[in-house]
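What follows is a single structure, written as structure tokens, with notes after it.
The values are calculated or read from the model by the stated rules, or taken from the named source; none is laboratory data. Here the structure is a predicted model, which is why all the values come from computation and not from measurement. No Cβ is skipped: glycine too gets one built from the backbone with ideal geometry, and neighbour counts run over all protein chains shown.
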């Protein structure tokens, strides 16, 4: 299905991560000198959860002449912003800096990526918004970076990878959530790994398909961690967005969590209501990839019915990853009301900074009409 209306909000788009050489003007003097003198600037620092030549990584017509995914600004405009007539698109620039073991180098490179995104993306197109990239090695340093970048309201969320060294609900990460809530930022937990530990619970897989499929199980585990550790009780205004997580697993997880919580809730007394209710209030999931047949709406309708809410899904293209055909960016099965929520209402309610901007623009337009 093509987009039925103009002004949709794409909640997961991937520009090409900048090379280290492109980041040099945005780094501190010390690390700029270190990276050049130690020849580290010659390394690509690319995350490889999506192998560059894999068909899922990019559509054939979304590749540059060198065969790599076309994540440059002109390609984003041509293939997504203009073609789909979007109001906003949120850029998740996933850079290899987040996988470094050196906390200081990782922090400076992440800051460089954030400043690069502001100048090279956000300044160049008013429809683009961005996520703040931070390293989880030092959560307090990550919180300071959030405080620094959050002064620019075009940044609307913080992005983390789903596969970390520890469960994301643990209190060591709470400074990140505290800073995000303070600045009206969502926290996006995106598919991908730091590869500190195997992506499965029983060791390293042999093939990419194993890594790709098992990501959803990790999202389930992280969602349970957020719930049982009491993150949403500690930060009652926080929204967590699962990006590229799929969502067909959500309804069975909510059922099992509710059932088990009833028998074991003395262990977690801060959970004052059923886990499914907390999930529906605090958790959102991006649309792509859709785990449902493309042209048969019945399975998707059953999934949405079991989830029990039209509020949880956010439209995303996942550009330039190839999860759909051509301009048919939506699966069949959404009602007209659910589509409007998916494309516009849910993103505005999830991202306070987008909602505030939309409200201000509407007020200004009304004032111009009156005058």
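For the range 7-23, a residue qualifies if it is touching a helix residue (DSSP H, G or I) at 6+ places or on another chain (Cβ under 8 Å), in contact (Cβ under 8 Å) with a residue 60 or more places away in the chain and either closer than 20 Å to residue 286 by Cα or assigned to a helix (DSSP H, G or I) (or both), and the qualifying residues are 7, 8, 9, 10, 11, 13, 15, 20, 22, 23. Considering the range 54-66, and only residues there that are in a helix (DSSP H, G or I) and either buried (at least 16 other Cβ atoms within 10 Å of the Cβ) or on the phi > 0 side of the Ramachandran plot (or both), the residue that is nearest to the chain's Cα centre (by Cα) turns out to be 57.
Considering the range 273-292, the residues that are assigned to a loop (DSSP other than H, G, I, E, B) and in contact (Cβ under 8 Å) with a residue 12 or more places away in the chain include one that is farthest from residue 191 (Cα to Cα), namely 274. Of all the residues in the range 296-328, those that are touching a residue at least 60 places away in the same chain (Cβ under 8 Å) and in a loop (DSSP other than H, G, I, E, B) number 11. Does residue 51 meet the test of being in contact with a strand residue (DSSP E or B) (Cβ under 6 Å, 6 or more places away or on another chain), touching a residue at least 40 places away in the same chain (Cβ under 8 Å) and in a loop (DSSP other than H, G, I, E, B)? For residue 51, the condition - in contact with a strand residue (DSSP E or B) (Cβ under 6 Å, 6 or more places away or on another chain), touching a residue at least 40 places away in the same chain (Cβ under 8 Å) and in a loop (DSSP other than H, G, I, E, B) - is not met.
Count of the range 67-116 residues, restricted to those that are touching a residue at least 60 places away in the same chain (Cβ under 8 Å), closer than 18 Å to residue 34 by Cβ and in a loop (DSSP other than H, G, I, E, B), is 1.
Annotation note: of 349, 357, 332, the sole residue that is crowded, with 17+ Cβ neighbours inside 10 Å and either in contact (Cβ under 8 Å) with a residue 24 or more places away in the chain or in a helix (DSSP H, G or I) (or both) is 357. Count, please, the residues in the range 94-136 that happen to be at pLDDT below 95 and touching a helix residue (DSSP H, G or I) at 6+ places or on another chain (Cβ under 6 Å). Total meeting the criteria: 3.
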